[in-house]
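Right, one structure below, let's go through it.
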Amino acid sequence: MGILERIAEIEAEMNRTQRNKATMGHLGLLKARLAKLRRELIEPKGGGGGAGEGFDVAKTGDARIGFVGFPSVGKSTLLSNLAGVYSEVAAYEFTTLTTVPGVIRYKGAKVQLLDLPGIIEGAKDGKGRGKQVIAVARTAGLIFIVLDVLKPLQHKNLIEKELEGFGIRLNKDPPQIGFKRKEKGGINMQTLVTQSELDLDLVKTILNEYKIHNADIVLRVDSTSEELIDVIEGNRVYIPCIYLLNKIDQISIEELEIIYKIPHCVPISAHHKWNFDDLLEKMWNYLGLVRIYTKPKGQLPDYTSPVVLKDGKSSIEDFANKLHRSLLKEFKYALVWGSSVKHQPQKVGKDHVLSDEDVVQIVKKV
């Protein structure tokens, strides 16, 4: 029996099984088996095959955004109107067959846009070109899911299910579960809050499926079996996501007001270029980029080309490494102007964390 048949069989059994306290262990076991089979699909055993044509796109710029959506929802039109990139557009399904890169400059940062070919149902099971598409989507810093405003929910749920199957978690933080394998001592579980689903038996059942018999588990919040499996698998990526509801020229103002209340959503019209300002502003917030301006000694700061860092990786050390690898060896201290310091300028060390639009002057050892 092939992997796809085994996946279908397990999914059918999960749908048949009633959810209650007595079946929790059985369902946990099925979820773990399903996760293992999906991993085999993503990372086949033996030598990996060559990448699909057009899928090994070099990463350029400060951030990368993947456009994901069903065929003919307007991804290519959106990309060409945003970045001036021509991706072959036609009114029938599956016109984009390879990844088309485009670059936009926004607030001084270079952002790479990737129009990923139409994802179809069953991509996570190896159908269509979906497998290679989602492999590229995993490397993105932000995902735009482009939906047709006339059939949004049905498409949204299908795409989310496909991405989830590939270990991509949208708009979620990594689970607050501590997991550490050890040589001996059995399974030790520590819960910091009351658990509604996981107990020691269920945790042991799931770990047993992975042939793990000695480990320390710390549950810091109320966690699910899916989150525990994600931590054990260790190959999950947590990516922010914005839903773009395209073709708003086809709906009424009242409907538009309702759509505006949906979280993580931006209504747009790719064809008429409506609401692009809102989209770019939201994109900037979700990417979490920090712009740092350099100031050579005795000169004015260079506001034209900022050094762009990721939020959370914006220390003086990160900044110096982005400028030049050897800079830290000669580093004495840095002078910083901006919102991250009390005094203007302030003398700081390499561990100081910078804020957006700070100005930095690095002083080298003599």
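The values are calculated or read from the model by the stated rules, or taken from the named source; none is laboratory data. Since this is a predicted model, take the numbers as computed values, not measurements. For neighbour counting, all protein chains shown are included, and Cβ atoms are generated from backbone atoms with ideal geometry for every residue, glycine included. Calculation scope for accessible area: heavy atoms of the full protein, side chains included, ligands and nucleic acids excluded. Shrake-Rupley method; radii C 1.70, N 1.55, O 1.52, S 1.80 Å.
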What dipole magnitude, in Debye to the nearest 20, does the range 182-259 give about its Cα centre under +1 on Lys/Arg Cβ and -1 on Asp/Glu Cβ?
560
For Cys241, enumerate residues with amide H under 5 Å from its amide H, sequence gap 5+ or separate chain, H modeled in the peptide plane.
Ile143, Asn171
At a 1.4 Å probe radius, carbon and sulfur cover how many percent of the accessible area of the range 191-279?
52
Would you please give the residues with an amide H less than 5 Å from that of Asp358, counting only those at least 5 places away or on a separate chain, with H modeled from the backbone geometry?
Tyr293
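Provide the net charge surrounding Gln190, with neighbours chosen by a C-beta distance below 15 Å and charges set as Lys +1, Arg +1, Asp -1, Glu -1. Could you put the intermediate results ahead of the total?
Values: positive: Lys180, Lys182, Lys204, Arg220; negative: Asp199, Asp216, Asp222.
It works out to a net charge of +1.
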Kirkwood Rh over alpha-carbon pairs of the range 210-366, then Stokes-Einstein at 25 °C and 0.890 mPa s: what D in µm² s⁻¹, rounded to an integer?
123
Taking a cut-off of 12 Å between Cα atoms, list the aspartates and glutamates near Lys184, but don't count ones fewer than 8 places away on the same chain.
Asp216
Which value, in debye to the nearest 20, describes the size of the charge dipole of the range 191-316 about its Cα centre when Lys and Arg Cβ atoms bear +1, Asp and Glu Cβ atoms bear -1, and nothing else is charged?
900
Order these peptides, 325-336, 251-262, 234-245, by their mean beta-carbon neighbour count within 10 angstrom, highest first.
234-245, 325-336, 251-262
Highest mean first, what order results for 76-82, 172-178 on Cβ atoms within 10 Å?
76-82, 172-178
Strictly over 25 Å apart at the Cα level, which of Lys156/Lys211; Lys110/Lys161; Lys110/Lys329; Lys282/Lys310; Lys172/Lys211; Lys156/Lys204 would you flag in this model?
Lys156/Lys211; Lys110/Lys161; Lys110/Lys329; Lys172/Lys211; Lys156/Lys204
Ordering 202-209, 270-277 by per-residue average of other C-beta atoms within 10 angstrom, highest first, gives 202-209, 270-277
What size of dipole, in debye to the nearest 20, comes out for the range 137-189 about its Cα centre when the only charges are +1 on Lys and Arg C-beta atoms and -1 on Asp and Glu C-beta atoms?
320
